[in-house]
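The values are calculated or read from the model by the stated rules, or taken from the named source; none is laboratory data. Source: prediction; values computed, not measured. FYI the Cβ positions are ideal-geometry reconstructions off the backbone, even for glycines, and counts take in every protein chain you see. We work out accessible area using only protein heavy atoms, side chains counted, and drop any ligands, DNA or RNA first. Shrake-Rupley method; radii C 1.70, N 1.55, O 1.52, S 1.80 Å.
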Amino acid sequence: MMKPENIDIKDLEKEQIRLSSKINLKDKIPPQKVKLVAGVDVTFTNIWTNPTTSIACITVFDIDTFELKDIVYAEKKIDFPYIPTFLAYRELPVILEAYKKLKIKPDVFLIDGQGILHPRMMGIASHFGVVTDEVSVGVAKSKLVGNFKEPENKKFSAKPIYIDKQLRGYAVRTRKNSKPLFISPGNNISVDSAVKVAIRSIKGDYKLPEPIRTAHNSLQEYRKNLLKKKYKS
DNA sequence: GCGACAG
DNA sequence: ATCTTGTCGC
């Protein structure tokens, strides 16, 4: 997809660098005290067109009982294409709309994408965390930047990922025979705690943390019903 | 110049 | 990120 001429990448890079100075990599809450964990995911009615309609879902789980405590959705027309390292400019607007609808305040937000495992430390999880000042963690299904050694093929094997000699996150195999997840802090949390919280949010033998898994599944249903409704009218 | 590149 | 069925490895 061509990037429109009216998007000034240099300006967006400057904004990312400015926002990155606000990232806090210290724990705002001890990982053992975390109880309410949110999962954030986004989909689109049509990924091949611009503009398109973005849809966000945020779930909130009690991580001790894996009970769903809250679930909210939001829809928003978006006119920004997917450009690697600028994902937040496409997906954050609709996420913030869903965020406003939450009735309870989660301790941590797990977001589908990178945190500081990003060239300018501003993956979508960090961007969300800085803008809202919430505790956030990036949970990505594939790599954006950084090199890592392949974790052994057993549940919860992990390898550190360094960028510029700095520990930025971990490649974590959350399931045997599954590709690792790329976990990094978004904001207001340390690298180690980010991994601890994400792992503690995994139910049974699923690959993804339950809040994200449920948000993703719920979005599939929501989108299907939305397209059905649009087709009728 | 070439390849890599979250969702 | 969407669409889709069977199939393979625990």
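I'd like the full set of residues that are within 21 Å of A:VAL139 (Cα to Cα) and either among the polar types (S, T, N, Q) or within 11 Å of DNA strand C (Cβ to nearest atom) (or both), limited to the range A:33-45. Result: A:ASP41, A:VAL42, A:THR43, A:PHE44. When the range A:46-93 is filtered for residues that are away from DNA strand C (no atom under 12 Å from the Cβ) and part of a helix (DSSP H, G or I), the ones remaining, listed by number, are A:ALA88, A:TYR89, A:LEU92, A:PRO93.
Filtering the range A:18-43 to residues that are more than 14 Å from DNA strand B (Cβ to nearest atom) and touching a Phe, Trp or Tyr at 6+ places or on another chain (Cβ under 8 Å) leaves A:LEU36, A:VAL37, A:ALA38.
When A:ALA171 is tested against (1) part of a strand (DSSP E or B); (2) out of contact with any strand residue (DSSP E or B) (no Cβ under 7 Å at 6 or more places or on another chain); (3) aliphatic (A, V, I, L, M), just one condition goes unmet, and that condition is (2). Could you list all residues from the range A:195-217 that are touching a residue at least 24 places away in the same chain (Cβ under 8 Å), away from DNA strand B (no atom under 14 Å from the Cβ) and either open to solvent by less than 60 Å² (accessible area, probe 1.4 Å) or assigned to a loop (DSSP other than H, G, I, E, B) (or both)? Correct list: A:VAL195, A:VAL197, A:ILE199, A:SER201, A:ILE202, A:LYS203, A:ASP205, A:TYR206, A:GLU210, A:PRO211, A:THR214. Out of everything in the range A:99-127 that is of a type in the set (A, V, I, L, M, F, W, C) and not in a loop (DSSP other than H, G, I, E, B), what residue ends up being nearest to DNA strand B (Cβ to nearest atom)? Among residues in the range A:99-127 that are of a type in the set (A, V, I, L, M, F, W, C) and not in a loop (DSSP other than H, G, I, E, B), the one nearest to DNA strand B (Cβ to nearest atom) is A:ILE124.
From the list A:ASN50, A:ASN46, the lone residue that is open to solvent by less than 70 Å² (accessible area, probe 1.4 Å), at pLDDT below 95 and within 14 Å of DNA strand B (Cβ to nearest atom) is A:ASN50. Considering only residues in the range A:156-168 that are farther than 20 Å from A:LEU110 by Cα and not in a strand (DSSP E or B), the one that is farthest from DNA strand B (Cβ to nearest atom) turns out to be A:LYS165.
With respect to A:LEU96, is the statement that it is surrounded by fewer than 17 Cβ atoms within 10 Å (Cβ to Cβ) and assigned to a helix (DSSP H, G or I) true? Spelling it out, A:LEU96 is indeed surrounded by fewer than 17 Cβ atoms within 10 Å (Cβ to Cβ) and assigned to a helix (DSSP H, G or I). Selection of the range A:55-84 for residues being under 15 Å from the mean Cα position of the chain (by Cα) and open to solvent by less than 60 Å² (accessible area, probe 1.4 Å) yields A:ILE55, A:ALA56, A:CYS57, A:ILE58, A:THR59, A:VAL60.
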